[in-house]
Structures are given as structure tokens and as C-alpha cells.
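> Sending over a structure as C-alpha cells; questions will come in a sec.
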Amino acid sequence: MLIAVLSGFALALIAPSLHRLTHKRTGFLVGLLPLGLCVYFVRLASGLDADVAPVRETLAWVPSLGLSLSFTADGLSLLFAALISGIGFLVAIYSGGYLDNHPQLGRWYAYLLMFMASMLGVVLSSNLLAIFVFWELTSISSYLLIGFFHEEEDSRKAALQALLVTGLGGVAMLAGFVLLGRVGGSFEVHELAAGAGLIRGDPLYLPMLLLILAGAFTKSAQFPFHVWLPSAMAAPTPASAYLHSSTMVKAGIFLLARLFPVLGGTPAWTAVVMPVGAITMVFGAYVAMRQNILKKLLAYSTVSALGAMTMLLGMGTDGAVKAAVAFLFAHALYKAALFLAAGIIDHETGERDVRRLGGLARALPITAAGAAAAGLSMAGIPLLFGFVAKEIFYEAALHGPDGWAAALTTAAVVSSMFFVAAAACVAYRPFFGAATETPKRPHEAPASMWLGPALLGAGSLAFGVFPGWIGEGLLNHSASAALGKSVDLHLRLWHGFTPVLGLSAVTLLGGVAAYAVRPRFTAALATVHRGCDAIGPQRWYDGALNGMLVVAKLQTKVLQNGYLRHYLAVILITLVGLSGSVLLTHVKEIRKHVIDSLVIAWETVEFYELGLAVILIIAIAAAVHSRTRLAAIAALGVVGYGVALVFVLFGAPDLAMTQIVIETLTVILFVLVFYHLPPFAIYANRISRARDLLLATSVGVVMGVLTLVATATQAYPTISSYYGEMSYDLAHGRNVVNVILVDFRALDTMGEITVLTVAGVGAFALLKLRLGARSRGDEEGSS
Amino acid sequence: MELVLAVIVGGLYAAGIYLMMRRNIVKLIIGLVLLSHGANLLIFASGGLTRAQSPLIAKDGHVLAPGSADPLPQALILTAIVISFAVTAFMLVLVHRTHQEAATDDLDALTTTDR
């Protein structure tokens, strides 16, 4: 399984080069991998047995963090893996036709394969941290796929929005995972499921649940995080069909199902997940019905379907989880087909608005057949798998949690009516009725493109007529894995005359009515809809994004204002505040110490030392205060030589010599450079000078006191004695300072020499650089 | 003498920082030089002050006589003196060239890299 996941990443790396070699055939070549994977997963699935523990593979990745690449092949992961690889195969081939002649098609395949591999990683991993890593990889590849038409601003914005919303959710989810791992003592899902009772009783249960749900809800576009999904329709249609209908958006559903044995079924779970799902379901279906752009319509209906699955998982009864799994499979089949068909319509006619489409069935017979099957499945018409799934969905809603059954059933029926209307808009309206004028003359798409809708439509029909094929097998195992116990899922085409069948009939009639009144209804409520959009979640997102930019600009302006003195002021105030406050807490000792040193100084300081100090202070003051450049240089020289004298007096002849040489050079340099500079000008006003003086004085006082404290205390034993003892024996030198520099710490001296060299080269380069001459030359050249 | 040295260090720091906060670019350099003097003296003082006992091993001895000045801070300061000279020299050339190109010594006038 490790190879199954990683092969996608490997092929993604070479896909662009492969495309350069094979051109038109790349789609089929690249599609071979997902096809092979799909066969592999289906074979694994056919070997599933309720009595045998699922296959596990573990490879330690970062053991110290509890992160391992462990994969589990149970019903749930295999259902997803088969869908991901199967639809991945169709989409890979489809994109060859859809993005025919696009210059960056090779890159497209790389993104697509990267996404597929990440998604397989999410569904096959049983380690929470690994799930997170792959989860984020799907967000990143989704970003790349949505923004594939990166020349268009809408695409870039939509890509960023998807990344930000799902990325933020992902971070929350990671926090939840870490909490879960701490409480449960493991990051392996099956180990956590064994200790589920303890986890559910933990006081941290609610925070971790909410954090993880934030991840699942953002990924699966639950209200109010759904906004990114309709925007993501800016992506090329194959990406929309693959990521934003059948696979990635279901990652959140997958996570809910995967963690259901660990976190699910509690009152808190039901209280959060079920209403969020129900609201999303009704809201999405309603908004979908009034869309006219094909892809937007499909996007909102996807939001609604995701809401339905979330609601079912939130209910948490056995029947509801079974229904969620069946509904998921049905939705993946028909929604991918409809998206691919919508892409074909767009590709062949250049038109996306359903109001301007009609009668395409004659020109696009195969596409029309596939879309019709998928549309009928979406509407829940008998003989198609959508009908079977809807029946079991209604069944679950009718047997929902106490007191909720009526409300949930109503919500399910109402949104299913909207679904019927939406399905008619997308699968009936463009293909039948009177033909219309379109920007391009329509003719049937190449086989690479109609293959997807045709196969998926046939799938909806085949599984609809014989629901037992998959119901008794993979779907059953999936529901068992999600529930954490063995259950029996019986899918049948005909249940007899039951209340559920009545509800289906009502749905169909209501849906047809909704389709009929749709145009008038939408027109009548246009103002209301605009008003709702103006205060909707998209506005919240825009506001948050703009707010962040404003804050970023503001803090850059405040913190990085470009004035050296402001930076200095911040650093120094921090220094004075922190050091000063520490010093203040020891004010008594310090005062005593100062008085002691005063006494010692009175007794021991030689008069020439005092004289030197006075001269230094005067010179410092002169350097600050002097009005002419020459006086300043002279004062600076006096300070330098004075410091050299201090070195002489206190046993540092080497320092004194160096200081004198360097000081001389410095003074010469200063004179040379200052000769060319204008006289000192005073730029600052009196107030700012007083303010700077106050700050500088306080820093001076703090540093002075620190010096005094530093001379009086010794926190650690000195290491100097080592050099004193070893200098002659090891390095054969009697001048210890010298030996330290050239022997013990020779590398430091090497660094010092490097600094000198760099400064020298820099100075030379600066002197040789003639900016003005060049720019003047350019101006002459251009004029 | 520690007290006297502490006063000098404090004075050097105060003067250095005051000058570094001026708008005049030349004063900035003078301030930097004073500040490095202050830092050197601070390191020097922290090693403990001993009058006139250089860290030299006597001709007939193998180890440094006890009571000698601490060699380690001296080695550090020696490096620091040379490096601060390098920095000062580079800064001076930079100021010289800046003045040639921008014709100002006011830091506030040097707000952009493009003219």
C-alpha cells in the first residue's frame, strides 16, 4: 500500500517530462496508474471479510513524534481509494481532451497525480499525523489545480480562498489531533477506537471534537465554510469533477466516518454535526436550484449533498451511517459524471448558462446519454443507484433521533425536491427541447472526454438495477468500519409500498413543480437573494482578508518605519525596562555596593587615574557637543587614546598598542572623509533632542551600574586559568593573549581577518562604484 | 577604580547612543565608535582590574604567575577593536559615497533606494 500511495508522487515528478515525449497520448499513459491502482483496490476489497482484521502496514517515519506511515485497508478506506483511483483514471484521460493543446498540460498531470496520491494517503492512513500531512497535501494540490489558469485573477483569488479556508481548518484539526493523541495515548486510529470510552469521558473531549470538526467542516464545505467551493469552480472542469465533487470535498466526510468509532455518537457529536449538516443540505439545495451557470449549480448541489452526508453521520444511528455510505457512493458516481458532462458542454459550445442551452442531444448523443443517467440518479428515479441511496436516506431520516425524525425527514424531502429541479436544469434542459445558437457549433466530444460520463452513467444504472453487487460487499464493509462493528446493509431496488416510496413520489412531483416555477420564482426573489449575498459568508471572508491586510500594513508601518532611531529607541527602551527592572529589585545591595566602591575608590584610586577619567569624560562630552567636524574628530581621538591609556594602566599592553595604531588610522580616515562633507547641521528640534538625551542617559546609567555589578560578581568559575597554564606548555608562547589569538582561538581570528577583508573589498568597491556616471550614461543613451 | 571605569563606560554608552539617534549620518558613525569603546571597556572591567601585571609568562616559568591580568577578555577586546575599525572604515567610505551620490547627510532624506 505504501507503493500504491507513493507511486502517484513519483509519477507526478516525471509527468511533465513524459508529456514532452508523448504529447496527445499522455492522458492514457498517465491514466494507467490510477487504473492499475483501482484494480488493486477492488481486488483488496473483494478479499474483505467481516471476521478477519483488515490488512495493516506500518513504516516508522518520525517515531519520536508518534508519526508513522501506517496504512489500513478496511472497507471505508478501500471504498474511498477505489473511487479516487477510478475517477482519477477517467479524469486523467478526460483532461487530455479538455486541456488539449494547453501549453502547461504536463504540469497539470503532475498536479493531478500529486493530488491523487495525497488523497489516497488521507484515506489509507490510519495514523492521525500522517492523515494530517496528506490532508494538507491535498489542500496544496487543490490550490495548484484551482489556480491552474493563473493568468486570471478570479482563479488566483479562488485558489487562495480554498487554501486559506481549508488550511485554517487543517490547523485547527491538527490541534484537535494532538489533543486526541495526548488523551488517547496514541495516534493510531484503531488503538484510539479501543480506548474510545475514556476519550469520550475526558474533559478535553469537547475542545478536541470541535477542533477536529472545524477541519472536517472546512474541507467538506459545510455552512458557513462552504464559500470556497462555489468559488473553486474557477478551476478547469476536470479538477472540479475530481476534487470538488467526488473526492477531496469528501475528505471531511471520510474523517467523520473514520473517527466515528472514536469520537462519534455522543450527544455533543449529534448536537453539532447533525444540525450543521442539515442546514448545509437545505441551504445548498436551495441556492443550487436558482443558479444558471452549470458549474455553480453543480457546486451548490455538491454542498447540499455533503451536508446530507454530514447530517447522516451526525445522527449516528446504524441506519444513518449505512445511508451515508450509500449516498456517498451514489453522489460520487452521478456528480462526477455531471461535472464532466458540463465540461463537455462548455468545451463544445462555449456556453455555460443553462438558459441559453438546448437541444444538444442530437449533436452530443453519448454525452447526453451519460448525463441523463447521472441526472436521473441525482433526481432519485427508480432503476438508478441514486434512487436506492435516497430510499435508504429517507428510511434513516424517518428513524432519526427522538423528536428530530419529522424535522429531518422534512429537510431531506425538501432538499431532494430541489435536487430534482437542479438535476433537470443540468441534465435535461441543455440536451432536450429547442436547439439554441451557441458561440461554437456543437459536435460530439472526443472519446477521451465522453468516456467518463458514459462509464459513470452506466455505473449509476448498473448499480441501480443490481444494488446488491456493491451493497452486500464494499459498502457493507465500509459502514461496518465506520461504525466499528459488523452490520448488514441490504440494498434493494424494490422495497414494496412503504412510506418511503410515498415520500419519493412526493419528492418527484414537488421537484417537477419546482423546476416549472423556477424561472419566475428566481426572478421574483432576486432582490432578496442579492440582499442575502450582501451579508453572506463570502462577505465575512472578504472582510477578514482585508482586515488582515490592513493590520499587516499598519504593523509594518509602526514596526518597520525605516527610521534607525525608532528601531534603536524600541531596542533601548526594552533594554532599560528589562535590565532596569531587575536592577531595581536589587536596589539595596547595589546601593551598598556603590557606597563600598566609593570608599575603596577614595582610598585606592591614584590621582593620575582620576585625571585620565576626567579627561575622558570631557572628551566624550566634547565629541557629542562639538559644532565643527574637526573638533569632533579631535575629541574622538582623545577618547581613543584615553582608552588606550586605561589599557596601559591595567596590564594590557597588547591592547594599548593595538588601540593606539587603530585610533591613529581611524582619525586619519575621519579627516580624509570629513574634508569632503558639509559642516554639521542640526536637524532635530529641541524636544526630540531632550527626549533622546533622556533615553541615552538612562541607558548610560544602566550600563554603568551593570559594569559595576559585573566587576563585583562572578557567576561561573573563570576559564582563563586554563590558558595561563597551558599557553607555554602546549603552544610555546609566553604572551598569553597572543597565544589565545593565534593558537587556541585561531579560527576566531581567521573570522576576524575575513571581516577585515570583506570590509576592505567593500570599501574599495564603493569607491570604484560610479552610480551617477552610469545612470547619466543611460539617460544620454535613451534620449 | 571599578567605580571610575563604570562612570566612563556609562558616559561612553550614553554619548554613543545619543549620537546614533541623530539624523546626521556623520554623528551616527561617531556614536558607533564611542559605543564600541564603551563595550570594550565593559568587557575589560568585567575581567577584573589588576594594575600593571601583564598576562606574560616569566622567562623562567611555565605558567602564568597568579595575580596577572586576565588574558581572555583582552583577547576578545583585541578582536573587537580590529573589527570595529573595519566597520568604521567601511561606514566612512559608505557615507562619503552616499554624500557624493545623494548630496545630503540627513538620514531622513535617504528614504528610498530609487531616485
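> Restricting attention to the range A:60-98, which residues are assigned to a helix (DSSP H, G or I), under 22 Å from the mean Cα position of the chain (by Cα) and farther than 21 Å from A:ALA454 by Cα?
A:LEU65
> Name the one entry in A:VAL705, A:VAL671 that is assigned by TED's automatic domain parsing to the domain that holds A:VAL643, closer than 24 Å to B:GLY38 by Cα and surrounded by fewer than 17 Cβ atoms within 10 Å (Cβ to Cβ).
Just a single option satisfies the conditions, and that option is A:VAL671.
> Sort out which residues of the range A:21-57 are without any contact (Cβ under 8 Å) to a residue 60 or more places away in the chain and of a type in the set (Ser, Thr, Tyr), and write them in order of number.
A:THR22, A:TYR40
> Quick one: which residue in A:LYS588, A:LYS553, A:LYS557 is over 30 Å from A:PRO224 (Cβ atoms) and under 37 Å from the mean Cα position of the chain (by Cα)? Don't jump to the end; show me each part of the working.
On the way: A:LYS588 fails: under 37 Å from the mean Cα position of the chain (by Cα); A:LYS553 fails: over 30 Å from A:PRO224 (Cβ atoms).
Exactly one of A:LYS588, A:LYS553, A:LYS557 is over 30 Å from A:PRO224 (Cβ atoms) and under 37 Å from the mean Cα position of the chain (by Cα), namely A:LYS557.
> Which ones in the range A:737-749 are touching a residue at least 60 places away in the same chain (Cβ under 8 Å) and either out of contact with any helix residue (DSSP H, G or I) (no Cβ under 8 Å at 6 or more places or on another chain) or more than 7 Å from chain B (Cβ to nearest Cβ) (or both)?
A:ASN738
> Identify, from the list B:LEU72, B:LEU64, B:LEU41, the residue that is facing chain A (nearest Cβ under 7 Å), assigned to a loop (DSSP other than H, G, I, E, B) and under 30 Å from A:TYR722 (Cβ atoms).
Every option except B:LEU64 fails the conditions.
> Given the options A:ILE344, A:ILE366, name the one that is crowded, with 24+ Cβ neighbours inside 10 Å and touching a helix residue (DSSP H, G or I) at 6+ places or on another chain (Cβ under 8 Å).
Result of the check over A:ILE344, A:ILE366: A:ILE344.
> Looking at this structure, is A:VAL55 of a type in the set (Val, Ile, Thr) and over 29 Å from the mean Cα position of the chain (by Cα)?
In short, yes.
> Follow-up. Name the residue, out of A:ILE687, A:ILE660, that is more than 7 Å from chain B (Cβ to nearest Cβ), assigned to a helix (DSSP H, G or I) and over 55 Å from the mean Cα position of the chain (by Cα).
Exactly one residue qualifies, and that residue is A:ILE660.
> Additional query: So if I check each of B:ILE29, B:ILE77, B:ILE81, B:ILE57, which one is more than 7 Å from chain A (Cβ to nearest Cβ), on the phi < 0 side of the Ramachandran plot and hydrophobic (A, V, I, L, M, F, W, C)? First the steps, then the outcome.
Values: B:ILE77 fails: more than 7 Å from chain A (Cβ to nearest Cβ); B:ILE81 fails: more than 7 Å from chain A (Cβ to nearest Cβ); B:ILE57 fails: more than 7 Å from chain A (Cβ to nearest Cβ).
Only one candidate qualifies: B:ILE29.
> Sticking with this structure for a sec: B:SER84 versus (1) outside any helix (DSSP H, G or I); (2) under 23 Å from A:VAL648 (Cβ atoms): which is the lone unmet condition?
B:SER84 satisfies every listed condition except (1).
> On the given criteria, is A:PHE217 farther than 30 Å from A:TYR286 by Cβ, modelled with pLDDT of 90 or more and out of contact with any Asp or Glu (no Cβ under 6 Å at 6 or more places or on another chain)? Full working, then the answer.
On the way: farther than 30 Å from A:TYR286 by Cβ: no; modelled with pLDDT of 90 or more: yes; out of contact with any Asp or Glu (no Cβ under 6 Å at 6 or more places or on another chain): yes.
It is false that A:PHE217 is farther than 30 Å from A:TYR286 by Cβ, modelled with pLDDT of 90 or more and out of contact with any Asp or Glu (no Cβ under 6 Å at 6 or more places or on another chain).
> In the range A:540-587, what count of residues is obtained for those that are basic (Lys, Arg) and either within 14 Å of another protein chain (Cβ to nearest Cβ) or touching a helix residue (DSSP H, G or I) at 6+ places or on another chain (Cβ under 8 Å) (or both)?
Final tally of qualifying residues: 2.
> Here's another thing I want to ask about it. Determine if the range A:94-115 includes at least one residue that is at pLDDT below 85, of a type in the set (S, T, N, Q) and surrounded by 21 or more Cβ atoms within 10 Å (Cβ to Cβ).
no
> Against the definition (facing chain A (nearest Cβ under 7 Å), over 21 Å from A:ALA696 (Cβ atoms) and surrounded by fewer than 20 Cβ atoms within 10 Å (Cβ to Cβ)), how does B:LEU49 come out, yes or no?
Against the criterion (facing chain A (nearest Cβ under 7 Å), over 21 Å from A:ALA696 (Cβ atoms) and surrounded by fewer than 20 Cβ atoms within 10 Å (Cβ to Cβ)), B:LEU49 qualifies.
> Would you mind telling me which numbered condition in (1) over 37 Å from the mean Cα position of the chain (by Cα); (2) over 30 Å from A:SER698 (Cβ atoms); (3) assigned to a helix (DSSP H, G or I) A:LEU545 fails?
(1)
> A further question follows. Could you grab the pairs with beta carbons closer than 6 Å, sequence gap of 6+ or different chains, first residue in the range A:380-404 and farther than 28 Å from A:TRP269 by Cβ, second one assigned to a loop (DSSP other than H, G, I, E, B)?
What qualifies is A:PHE387/A:GLY380; A:PHE387/A:ILE381.
> So B:HIS96 passes all but one of these: (1) over 18 Å from A:LEU767 (Cα atoms); (2) facing chain A (nearest Cβ under 7 Å); (3) touching a helix residue (DSSP H, G or I) at 6+ places or on another chain (Cβ under 7 Å); (4) buried (at least 18 other Cβ atoms within 10 Å of the Cβ). Which condition number does it fail?
It is condition (1) that B:HIS96 fails.
> Considering the range A:471-501 alone, what residues qualify as being part of a helix (DSSP H, G or I), touching a residue at least 60 places away in the same chain (Cβ under 8 Å) and in contact with a Leu (Cβ under 8 Å, 6 or more places away or on another chain)? Don't jump to the end; show me each part of the working.
To start, the set of residues in the range A:471-501 that are part of a helix (DSSP H, G or I) comprises A:471-483, A:499-501.
Restricting the remaining residues to those that are touching a residue at least 60 places away in the same chain (Cβ under 8 Å) gives A:471, A:473-483, A:499-501.
Scanning the range A:471-501 gives A:GLY471, A:GLY473, A:LEU474, A:LEU475, A:ASN476, A:HIS477, A:SER478, A:ALA479, A:ALA481, A:ALA482, A:PRO499, A:VAL500.
> Enumerate the pairs (first residue in the range A:750-768 and farther than 19 Å from B:THR98 by Cα; second residue anywhere and among the small types (Gly, Ala, Ser)) with beta-carbon separation below 7 Å, excluding pairs fewer than 6 apart on the same chain, so at least 6 apart or on different chains.
Filtered contacts from the range A:750-768: A:VAL755/B:ALA86; A:LEU756/B:ALA86.
> I would also like to ask the following. Can you tell me which condition A:ASN101 does not meet? The list is (1) of a type outside the set (Lys, Arg); (2) on the phi > 0 side of the Ramachandran plot; (3) part of a helix (DSSP H, G or I), and all the others hold.
Among (1) of a type outside the set (Lys, Arg); (2) on the phi > 0 side of the Ramachandran plot; (3) part of a helix (DSSP H, G or I), A:ASN101 violates only (3).
> Let me ask something else about it. Quick one: which of A:ARG691, A:ARG686, A:ARG734 is more than 30 Å from B:ALA109 (Cβ to Cβ), among the basic types (Lys, Arg) and free of Cβ contacts under 8 Å to residues at least 24 places away in the same chain?
Details: A:ARG691 fails: more than 30 Å from B:ALA109 (Cβ to Cβ); A:ARG686 fails: more than 30 Å from B:ALA109 (Cβ to Cβ).
Answer to the check: A:ARG734.
> Sticking with this structure for a sec: Could you go through the range A:155-164 and let me know if any residue there is under 24 Å from A:ASP542 (Cβ atoms), touching a Lys or Arg at 6+ places or on another chain (Cβ under 9 Å) and modelled with pLDDT of 90 or more. Outline the logic, then answer.
Our first condition is that a residue be under 24 Å from A:ASP542 (Cβ atoms); within the range A:155-164, this holds for A:155-164.
Remaining after also requiring touching a Lys or Arg at 6+ places or on another chain (Cβ under 9 Å): none.
Within the range A:155-164, not a single residue is under 24 Å from A:ASP542 (Cβ atoms), touching a Lys or Arg at 6+ places or on another chain (Cβ under 9 Å) and modelled with pLDDT of 90 or more.
> Do we find a residue being within 15 Å of the chain's Cα centre (by Cα), surrounded by fewer than 24 Cβ atoms within 10 Å (Cβ to Cβ) and more than 30 Å from A:PRO678 (Cα to Cα) anywhere in the range B:79-87?
There is at least one residue in the range B:79-87 that is within 15 Å of the chain's Cα centre (by Cα), surrounded by fewer than 24 Cβ atoms within 10 Å (Cβ to Cβ) and more than 30 Å from A:PRO678 (Cα to Cα).
> If you go through the range B:12-26 one residue at a time, do you hit one that is under 30 Å from A:ARG565 (Cα atoms), more than 7 Å from chain A (Cβ to nearest Cβ) and under 20 Å from the mean Cα position of the chain (by Cα)? Reasoning before the result, please.
The first filter runs over the range B:12-26 and keeps only residues under 30 Å from A:ARG565 (Cα atoms), leaving B:12-26.
From the residues that got through so far, the ones that are more than 7 Å from chain A (Cβ to nearest Cβ) too are B:16, B:25.
With the extra rule that they be under 20 Å from the mean Cα position of the chain (by Cα), the set shrinks to B:16, B:25.
Yes: the range B:12-26 contains one or more residues that are under 30 Å from A:ARG565 (Cα atoms), more than 7 Å from chain A (Cβ to nearest Cβ) and under 20 Å from the mean Cα position of the chain (by Cα).
> When B:HIS37 is evaluated against the numbered criteria (1) surrounded by fewer than 23 Cβ atoms within 10 Å (Cβ to Cβ); (2) out of contact with any Ser or Thr (no Cβ under 8 Å at 6 or more places or on another chain), which criterion, by number, is the only one it fails?
(1)
> Going by what's in this entry, would A:HIS19 be described as more than 30 Å from A:LYS485 (Cβ to Cβ), modelled with pLDDT under 85, surrounded by fewer than 23 Cβ atoms within 10 Å (Cβ to Cβ) and not assigned by TED's automatic domain parsing to the domain that holds A:PHE329?
no
> Can we say A:ILE719 is modelled with pLDDT of 90 or more and outside the structural domain of A:ALA656 (by TED's automatic domain parsing)?
Values: modelled with pLDDT of 90 or more: no; outside the structural domain of A:ALA656 (by TED's automatic domain parsing): yes.
So A:ILE719 does not fit the description; no.
> Just checking, which of A:GLY700, A:GLY777, A:GLY704, A:GLY762 is at pLDDT below 85 and in a helix (DSSP H, G or I)?
Values: A:GLY700 fails: at pLDDT below 85; A:GLY704 fails: at pLDDT below 85; A:GLY762 fails: at pLDDT below 85.
The match here is A:GLY777.
The values are calculated or read from the model by the stated rules, or taken from the named source; none is laboratory data. Not measured: the values here are computed from a predicted model. Neighbour counts run over all protein chains shown; Cβ positions are idealised from the backbone, glycine included.
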